[in-house]
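The values are calculated or read from the model by the stated rules, or taken from the named source; none is laboratory data. Predicted model only: the values in this text are computed from it and were never measured. Cβ placement follows ideal geometry from the backbone for every residue including glycine, while neighbour counts extend to all protein chains displayed. Side chains are part of the model used for accessible areas, which takes the heavy atoms of the whole protein and leaves out ligands, DNA and RNA. Shrake-Rupley method; radii C 1.70, N 1.55, O 1.52, S 1.80 Å.
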Amino acid sequence: MNWKNSDPQTRGEKPSEPKAGHCYPVLYRDRMFDRTGDYSARIKIYRNETWSWIEVELRKADVDYVRRNCSEMKECAPTLMKRGKEWFLDFPFQQSVKLSDVKIRDQVILAVSLGMKNPCTCTVMDSGGRILGREFLKLSEEQDELRHRLGKIKKARRCGSKGNRRLWAYARAVNDDMALKTAKFIIDKAVLYDVDCIVFEHLSLDGPKPGPVGESLNVWKARTIQKQAEHQAHANGIRVSHVNAWGTALLAYDGSGETIRGDKAGLGSRSLCRFTGGKTYNVSLNASMNVGARYFVREILKTLPARERQRIEVKIPECAKRSTCTLATLISLNGELGFADPGPAV
């Protein structure tokens, strides 16, 4: 209608009919989708230049799975999707969940540091800076398999092959499996410690990354892990937040300044770093503690009046810039506000 009512001299060509491609429009109930039985239904599609109803059979295993796991959810109108040479009905489900609503002073969080070598390092902490738990995830077999598949792709490229569809499909499958296992690990630990919020780093991974490190970044599924974990966290009533990622691994959690990492410190492994005072520590664990501290510093400062916040920023300059906050900043903030010092982290 908009095209017909527009100026004939400027409206251009008549718009073409929409094409389904690999995704058909939503099959609204009663008009395009009708459930005829427990394991059968009929859908209305445009075929042979006419709209017609066709009968479809629903797989018993899928229907039984939905009954067991989605009985409390609302079933929405399905969508017809094409995968390979076959068409499938995708049923979305809607669920209302009340997220955790706890005051910042009473919250317990799970601070997550994602990495390419160590898939996930989690630290459980409270607003006072107390470390309540540490969890590490290592997927050595999956990482070796992924490196092996990427090595085969490199070898095929050197031999003149360009597409490598099958090799890339296998590598992507291994990578997706690692992402799902990492997201499940995060949610399992969040439920185990009964946390109120999961805190991630805000990672910027847009665009291609050149060089050998860039190739590892291009296959790193950090954003997929965060999306999967966020979806599962909301289903469990847990909130998700993101903080500034700059310097979380570079700055020491004790406030002593920048760390020296790997070979530069003579440690032989990039998973370890050395503080200015000579202490050797795990890089990912140090980063996760700073991630949690930045979340609490930000949320605590939000609750303060403007004048009080300005006074705090003068006393503790690190609070004025979120990219310089560490666990020591959070402990200093609590001390300035009159809360007890939890003591040094272990």
Of the conditions (1) in contact (Cβ under 8 Å) with a residue 60 or more places away in the chain; (2) touching a strand residue (DSSP E or B) at 6+ places or on another chain (Cβ under 8 Å); (3) assigned to a loop (DSSP other than H, G, I, E, B), residue 267 fails just one. Which one is it? (1)
What are the residue pairs meeting all of these: first residue in region 320-344, first residue over 18 Å from residue 306 (Cα atoms) and modelled with pLDDT of 85 or more, second residue basic (Lys, Arg) and surrounded by 17 or more Cβ atoms within 10 Å (Cβ to Cβ), Cβ atoms under 6 Å, and 6 or more apart or on different chains? 325/294
For residues that are small (Gly, Ala, Ser) and out of contact with any Ser or Thr (no Cβ under 8 Å at 6 or more places or on another chain), scanning just region 278-311, find the one that is nearest to residue 333 (Cα to Cα). 306
All-but-one check, residue 116 against (1) part of a strand (DSSP E or B); (2) surrounded by fewer than 15 Cβ atoms within 10 Å (Cβ to Cβ); (3) of a type in the set (A, V, I, L, M, F, W, C), failing number (1)
Tell me the strands (runs of 3 or more DSSP E) entirely within region 38-93 that contain at least 1 residues that are closer than 19 Å to residue 231 by Cβ. 79-83, 86-90
Filter region 12-31 down to the residues that are in contact with a helix residue (DSSP H, G or I) (Cβ under 7 Å, 6 or more places away or on another chain) and modelled with pLDDT of 70 or more and list them by number. 14
Identify, by number, the condition in (1) assigned to a loop (DSSP other than H, G, I, E, B); (2) open to solvent by 70 Å² or more (accessible area, probe 1.4 Å); (3) at pLDDT 90 or above that residue 307 doesn't meet. (1)
Which residue pairs have Cβ atoms under 8 Å apart, sit 6 or more places apart or on different chains, and have a first residue in region 162-174 that is within 20 Å of residue 140 (Cα to Cα) and a second that is of a type in the set (Asp, Glu) and part of a helix (DSSP H, G or I)? 174/142; 174/145
Residue pairs, Cβ under 7 Å, 6 or more apart or interchain, first in region 176-198 and within 26 Å of residue 104 (Cβ to Cβ) and open to solvent by 20 Å² or more (accessible area, probe 1.4 Å), second polar (S, T, N, Q) and not in a helix (DSSP H, G or I). List them. 191/236; 196/100; 196/107
Tally the residues that are without any contact (Cβ under 8 Å) to a residue 24 or more places away in the chain and open to solvent by 30 Å² or more (accessible area, probe 1.4 Å), restricting the search to region 137-156. 10
Single condition residue 205 does not satisfy, out of (1) on the phi > 0 side of the Ramachandran plot; (2) free of Cβ contacts under 8 Å to residues at least 40 places away in the same chain; (3) exposed (fewer than 14 other Cβ atoms within 10 Å of the Cβ): (1)
Of the numbered conditions (1) of a type in the set (Phe, Trp, Tyr); (2) open to solvent by less than 60 Å² (accessible area, probe 1.4 Å); (3) over 21 Å from residue 338 (Cβ atoms); (4) out of contact with any Phe, Trp or Tyr (no Cβ under 7 Å at 6 or more places or on another chain), residue 281 satisfies every one except a single condition; which is it? (4)
Given the criteria more than 15 Å from the chain's Cα centre (by Cα), open to solvent by 20 Å² or more (accessible area, probe 1.4 Å) and β-branched (Val, Ile, Thr), does residue 276 qualify? yes
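Residues checked against (1) open to solvent by 80 Å² or more (accessible area, probe 1.4 Å); (2) in contact with a Ser or Thr (Cβ under 8 Å, 6 or more places away or on another chain); (3) among the aromatic types (Phe, Trp, Tyr):
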{"residue": "74", "(1), (2), (3)": "yes, no, no"}
{"residue": "92", "(1), (2), (3)": "no, yes, no"}
{"residue": "98", "(1), (2), (3)": "yes, no, no"}
{"residue": "126", "(1), (2), (3)": "no, no, no"}
If you go through region 224-248 one residue at a time, how many are open to solvent by less than 30 Å² (accessible area, probe 1.4 Å) and within 30 Å of residue 172 (Cβ to Cβ)? 9
Quick check: anything in region 180-202 assigned to a helix (DSSP H, G or I), of a type outside the set (Asp, Glu) and farther than 30 Å from residue 130 by Cα? no
Somewhere in region 46-58, is a residue open to solvent by 70 Å² or more (accessible area, probe 1.4 Å), in contact with a Phe, Trp or Tyr (Cβ under 9 Å, 6 or more places away or on another chain) and closer than 25 Å to residue 191 by Cα? no
With respect to the numbered conditions (1) open to solvent by less than 60 Å² (accessible area, probe 1.4 Å); (2) part of a loop (DSSP other than H, G, I, E, B); (3) among the charged types (D, E, K, R), which one is the sole condition not fulfilled by residue 31? (1)
